[in-house]
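Contents: one structure, followed by commentary.
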Amino acid sequence: RIPDMARVTKFGIDPAQGLNAPVAWSTGEATATSTTMGTDTTPVVTETYVARVFIPLNTTLTGLSVLNGSAVAGNITLALADSNGSIVANTASTAASGTAAYQQVAFTAPLTVKGPGEYFILLQSNNTSYRFRSHTLGNFKTGKLTAQTYGTLPSFTPPTGFTTALGPIASTY
């Protein structure tokens, strides 16, 4: 069924039409084309890694996915922050699992986000034997927060540019 164009809004799809809005939005607006995309990155347990994700329309999210690298160990925590760097949703500390694979981690509660909007996916690990895949090329905001405590997700000043091998390859779901 083709929706009545008057009912399709500028920032999303009218739910009265019975259409589902997509929920998978990737950091850097680029979905990984292979599980070896980017570079294997070794985390520092006192750092939080950040990458921008653009969400083009209103939608409800249930969690985040991160592309794990060549080794999994310890626990990871993920969070979503708004364009001001305020945490709007987070996951519980979860055992890292699945080498060279996306790992989905649910939020503690579903979150409705407004689009179009700029958001940030944050990643923390409590183990330096863990590896995550990070972006090596891009034209979007990435960075890291230093002097952090694992499991504590602070508000932050968003990065202003791209730094290679810092921003995790991740997506919403």
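The values are calculated or read from the model by the stated rules, or taken from the named source; none is laboratory data. Quick caveat, the model's predicted, so the values are computed rather than measured. All Cβ positions, glycine included, derive from the backbone under ideal geometry; neighbour counts span all protein chains shown. The area values use the complete protein model at the heavy-atom level, side chains included, leaving out ligands, DNA and RNA. Shrake-Rupley method; radii C 1.70, N 1.55, O 1.52, S 1.80 Å.
Details
- Share of carbon and sulfur in the accessible heavy-atom surface of the chain [1.4 Å probe, %]: 53 percent
- Residue order by solvent-accessible surface for Thr142, Thr108, Thr33, Thr164 is Thr33, Thr108, Thr164, Thr142, largest first, with ligands and nucleic acids left out and a 1.4 Å probe.
- Rounded to the nearest angstrom and listed largest first, the equivalent-ellipsoid semi-axes of the chain from its Cα gyration tensor are 28, 16, 15.
- Shape class of segment 119-173 from the alpha-carbon gyration tensor: oblate, with a/c at 1.5 or above and b/c at least as large as a/b.
- Sites Thr94 and Thr164 - FRET efficiency at Förster radius 22 Å, r taken between beta-carbons, to 0.05: 0.25
- Taking all Cα-Cα distances within segment 67-166, those exceeding 17 Å account for 55%.
- Protection proxy ranking of 55-62, 154-161, 131-138, 67-74 - average other beta-carbon atoms within 10 Å, highest first: 131-138, 67-74, 55-62, 154-161
- Gyration tensor (alpha-carbon) shape descriptor, segment 16-94, a/c threshold 1.5: prolate
- Estimated FRET transfer efficiency when R0 is 30 angstrom, pair Ala147-Ala106 (beta carbons, to 0.05): 0.60
- If only the Cβ of Lys and Arg carry +1 and only the Cβ of Asp and Glu carry -1, the dipole of the chain around its Cα centre is close to 100 debye.
- Gained length - Thr42 relative to Ser86, 0.36 nm times residue gap less alpha-carbon distance: 13.3 nm
- Accessible surface calculations at 1.4 Å, restricted to protein heavy atoms, place the chain at 46 Å² per residue.
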